[in-house]
1. Pairs please, first residue from the range 5-17 and touching a residue at least 40 places away in the same chain (Cβ under 8 Å) and basic (Lys, Arg), second anywhere and surrounded by 12 or more Cβ atoms within 10 Å (Cβ to Cβ) and assigned to a strand (DSSP E or B), Cβ atoms under 9 Å, 6+ apart in sequence or on different chains.
2. For the subset of the range 57-68 comprising residues that are under 9 Å from the mean Cα position of the chain (by Cα) and touching a residue at least 24 places away in the same chain (Cβ under 8 Å), which member is surrounded by the fewest Cβ atoms within 10 Å (Cβ to Cβ)?
3. If you go through the range 24-56, how many residues are free of Cβ contacts under 8 Å to residues at least 40 places away in the same chain and either more than 16 Å from GLN67 (Cα to Cα) or touching a Lys or Arg at 6+ places or on another chain (Cβ under 8 Å) (or both)?
4. Which one of GLY19, GLY28 is part of a helix (DSSP H, G or I), surrounded by 14 or more Cβ atoms within 10 Å (Cβ to Cβ) and not charged (D, E, K, R)?
Amino acid sequence: MEIVPTITLRMRVPEEQIGMVIGSQGVGLKRLREETGVGSLTVERNSRGGQRLVEVTGTQEQVQLAQEVVQQMLQGGAVQTGGGDGAPATPQLPAGAYAPPHKKKKWHLRSAC
């Protein structure tokens with residue numbers, strides 16, 4: 001049995017942007033867990049100095065990927081982008097990273113009316 005070392009990364013996210021990471025009904029956190037395979041993901045409930053702590057634990061590759069996904073979420077962009085020909089891009093994971101299989105879902109945007 002191989003023991004894989006884990007690391008923990010703590011990121012501060014501005015309070016006004018934390019919803020971009022958590023998502024409606026936690027869908028953003030679920031996506032983050034599924035796409036990165038991290039073992040632990042927590043978000044501090046209370047703001048400190050206008051920022052919330054997001055803590056991610058996993059292998060170095062999982063944590064690095066989680067950090068990239070959070071940064072993309074905060075920029076409001078999708079994690080996977082299509083190529084210039086209109087075809088969807090194949091997600092690129094760092095060597096050794098694990099992305100568990102998941103079903104394709106259709107996302108529906110609701111208007112704020």
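1. ARG10/LEU53; ARG10/VAL54; ARG10/GLU55; ARG10/VAL56; ARG12/GLN51; ARG12/ARG52; ARG12/LEU53; ARG12/VAL54
2. That would be GLN67.
3. Residues in the range 24-56 being free of Cβ contacts under 8 Å to residues at least 40 places away in the same chain and either more than 16 Å from GLN67 (Cα to Cα) or touching a Lys or Arg at 6+ places or on another chain (Cβ under 8 Å) (or both): 14 in total.
4. Only one candidate passes the filter, namely GLY28.
The numbers here are math on the coordinates, done by the rules we state, and not lab data. Everything quoted here is computed from the prediction, not taken from an experiment. Positions of Cβ are backbone-derived with ideal geometry, glycine not excepted, and every protein chain shown enters the neighbour counts.
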